[in-house]
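Input: a single structure, listed below in structure tokens.
None of the figures in this text is laboratory data; all of them are computed from the coordinates on show. Remember, it's a predicted structure, so these values are computed and weren't measured experimentally. For neighbour counting, all protein chains shown are included, and Cβ atoms are generated from backbone atoms with ideal geometry for every residue, glycine included.
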Amino acid sequence: MKQEILTVLSNDALTKSVYRMRLEGDLSSFTRPGQFCNLLVPGFYLRRPISVCDIEGDVLTLLYKVIGHGTEAMADMTPGTKLDVLCGLGNGYDTSLSGKAPLLLGGGVGIPPLYGLAKALLAEGKEVCAVLGFNTAEEIFWADEFRACGVSVTVTTADGSAGVGGFVTDAMPGSYSYFYTCGPVPMLRAVYEKTFTSGQFSFEARMGCGFGACMGCSMKTADGGYKRVCREGPIFYKEEIVWES
Amino acid sequence: MGKLNVTLCGIPLDNPVIPSSGTFGYGYEFAELYDINILGTFSFKGTTKEPRYGNPLPRIAECSAGMINAIGLQNPGIDRVIAEELPKLKKVFHKPVMANVGGFSVEEYVELCARLDQEEQVGWLEVNISCPNVKGGGRSYGMTPEGAAEVTAAVKAVTTKPCIMKLTPNVTDIVSIAKACEDAGADGVSLINTLYGMRIDLKTGRPVIANRMGGYSGPAAFPIALRMVYQVRAAVNIPIVGIGGVSSAEDVIEMMYAGATAVGVGAANCIDPWASKKIIEDLPRVMERYGIDSLENIIGGAQ
């Protein structure tokens, strides 16, 4: 983990509520796709944990959804704004277990970390297939970016207004070597039940610190212990997960 | 130099800054970021007899000037703390550490304190009789002078090291509880634990925290904590660890003027992992600005 001052290069709306922010600075503390950063938004006490979508050189791309006052304030930020960001947080996805044809399953604002993962898997010569789920056609974002990298993409919409009608679990291919997923908890549970291989799940949580100090985000694990979403997570192996009712 | 030194219950500290229990783990997460031996000491994560997962998620809620937590004393339990956490801590921290304990009965407090008292690196025992997030736990002892005195006397009977009783602000009269601790033999008091609070999510109309309520900490607690330290200082003669919303070197000095011998830094560590280090580094400059030669000399100066 490093504390960096990053400069906003651009901050644009992709849909009504999802924005893309590009930030420039020293990103050397990020080592794996699926890690996150924790942004200090001026005027708010706690930092905002946001997953990394992509890193190219010293440019960090974050895709975030405006859901409260903190992300509203982020949406108003203009190029040139300097932000205090804790970088290189969390464990990130392990690509070594993916096999030859991994499947990525993303829902809504859970999709962004799968993009950096897709690029890493493609660079390792894997054949990557992604099912990206949205509520409606108007909410679709970043599917073309996945395609442009060479990912075979299926889009689903809950209302059937584009792509396959239904959820990501309704459009899963018949065969895949492994899976990686990120999205809302009901989707993750469905993925857990409908996948037949091992896989890795990315979780989100309300965090106090984001680096393992406060124990605010601990999740129980199948071995009877617990892991902190911010520190030993946010990526959990399928075999570790305990679903709380 | 030497101007920052204080003595807490007979043990010298290089400076009065003590990261508070529950915001600093067992130290080694922070030791990856900076040399934690610059700290006066720190109070490690509240340790209980049995391992505890704590409360369901979510157990963090943001406030306009701070945060609410309802962790519920997550910790690996005393056996693993002694077998695993303390050896790891010893590698990165070479000063006496403050051992924070939480109990659900007087017998538990006694057992925990007696065992940690035997650990070489433990300098002080900080006895948490004030956790707002566990039912029937230490909180109930800290709610009355009688309960506080009962735990104090019991742990003092089995320990040789200084016992500092950690007090809750969620009472009618914290002064009477601090006095009861002193009368029962406590070597010090630390105050305040978090303020009982809650937030409601307007999208659902339900509490944000799964446990509904939790402990507020952060800068808005500072003036309340300061006032309580000031009142307790006027009434007792044992040292006070002043805790609550401390975020700057200025806050440390203010807390010491009110009567604190040492000063806890809590929530600030969560927002800025280097907060305690920055506060220590900033102290000499702020002391110079206000013409303070020695921190030890200003303790209780505002009385």
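Leaving out same-chain residues fewer than 8 places away, which aspartates and glutamates sit with a Cα under 16 Å from that of A:K16?
A:E72, A:D76, A:E138, A:E139
Please state the charge dipole magnitude for the protein assembly as shown, taken about the Cα centre, from unit charges on C-beta atoms (+1 on K and R, -1 on D and E), reported in debye and rounded to the nearest 20.
With only Lys, Arg, Asp and Glu charged at Cβ, the dipole is about 540 debye.
When the helix-only estimate is applied to chain A (DSSP H runs of n ≥ 4, each -39,500 (n - 2.57), divided by the residue count), what is the mean residue ellipticity at 222 nm, nearest 500 deg cm²/dmol?
The per-residue figure over chain A is -4000 deg cm²/dmol.
Evaluate peptide B:268-275: per residue, the Cβ atoms of other protein chains within 10 Å of its Cβ; return the mean as an integer.
5
Just to be sure I understand the curve: with the Debye formula and one point per C-alpha of the protein assembly as shown, what is log10 I(q)/I(0) at q = 0.05, 0.06, 0.10, 0.12 Å⁻¹?
-0.22, -0.32, -0.82, -1.09
What percent does the relative contact order of chain A come to when contacts are Cα pairs within less than 8 Å and at least six residues apart?
Reported as a whole number, the value is 18 percent.
Give me the Kirkwood hydrodynamic radius of chain A in Å, from all C-alpha pairs, to one decimal place?
18.1 Å
Filter the chymotrypsin sites (Phe, Trp or Tyr not before Pro) in region A:163-235 down to the DSSP loop ones having no more than 13 other Cβ atoms within 10 Å, then list what survives.
Passing sites in region A:163-235 are A:F196.
Taking only C-alpha pairs under 8 Å that are 6+ residues apart, what is the relative contact order of chain B in percent?
Normalised by residue count, the contact order of chain B is 20 percent.
Considering all projection directions equally, how large on average is the shadow of the alpha-carbon convex hull of region B:156-227, in square nanometres?
About 6.8 nm², averaged over all directions.
What share of the DSSP beta bridges in the protein assembly as shown is antiparallel, in percent to the nearest 5?
Antiparallel bridges: around 55 percent, rounded to the nearest 5.
For B:K166, list the lysines whose Cα falls under 16 Å from its own Cα; do not include residues on the same chain fewer than 8 positions away.
B:K45, B:K156, B:K179
Can you return the lysines within cross-link range of A:K100? Criterion is Cα-Cα under 24 Å, with same-chain partners fewer than 8 residues away left out.
A:K119, A:K126, A:K194, A:K238
Let me spell out the model: positive unit charges on the Cβ of Lys and Arg, negative unit charges on the Cβ of Asp and Glu, origin at the Cα centre of region A:95-202. What dipole size does that give, in debye rounded to 20?
360 debye
Which value in deg cm²/dmol, rounded to the nearest 500, describes the helix-derived mean residue ellipticity at 222 nm for chain B, given -39,500 (n - 2.57) per DSSP H run of n ≥ 4 and division by the residue count?
Using -39500 (n - 2.57) per qualifying helix, the result is -9000 deg cm²/dmol.
Looking at the calculated P(r) for region A:95-202, what percent of the C-alpha pair distances fall above 20 Å?
30 percent
Run the quick spin-label model on A:A73 and B:E281: label points 7 Å from Cα toward the beta carbon, then report their separation in nm to one decimal.
About 2.4 nm, to one decimal.
Report, in whole Å, the centroid distance computed from the Cα atoms of region A:195-245 and region B:140-194.
37 Å
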